[in-house]
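For reference, the structure is listed below as structure tokens.
Derivation of every value follows stated rules applied to the coordinates shown; laboratory data play no part. As the structure is a computational prediction, the values presented were derived from the model and not from experiment. Cβ atoms come from the backbone with ideal geometry, glycine included; neighbour counts cover every protein chain shown.
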Amino acid sequence: MKRALLLITAIFMMSACSLTNSPETGQENTIEGNRVAYGLLGPGPINYGVIRDDVDEYRYDGMINQTPSFRTLDRHRQDFGDDKDKVRTILLQEGVQPDSVFIIGKDIWVNATLQNVGQKEREQLQSDLQELLTQAMQRYDIHLRINP
């Protein structure tokens, strides 16, 4: 009984390995080694960047991300890190050194440093920066603190 079961299993296994192209069609039945490895193992971690950057069929170079929504047809997905970088860039352009930027829900908490400036000038600059950041980051409530 064991031999019969073993024979039936062997027949099923051998029938699963049949040629995909019949000899009548005239197609050659060779499989390249690299195609087998690619099929079994995938592209490999070294090639992921090449695969992602190689296909440009779905690239959309029109008006991308013109709304405060996160939806865009571009491959780059905007996240909280991009919003933090935007706040830091605005502060640096205005001559203020950004310290920490925290995004918590709908609020952005920003600490910045401005040295060699009087109290009155610091308050004026803080209100100007508050307005500028609010215009740039409309989906957030900005909480700005400028330290001496």
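Brief remarks on what is shown
- Inter-residue pairs, beta-carbon under 6 Å, first more than 15 Å from residue 98 (Cα to Cα) and in region 127-148, second of a type in the set (A, V, I, L, M) and not in a strand (DSSP E or B), 6+ apart: 136/90
- Search result, residues across region 102-148 that are part of a helix (DSSP H, G or I) and of a type in the set (A, V, I, L, M): 125, 129, 132, 133, 136
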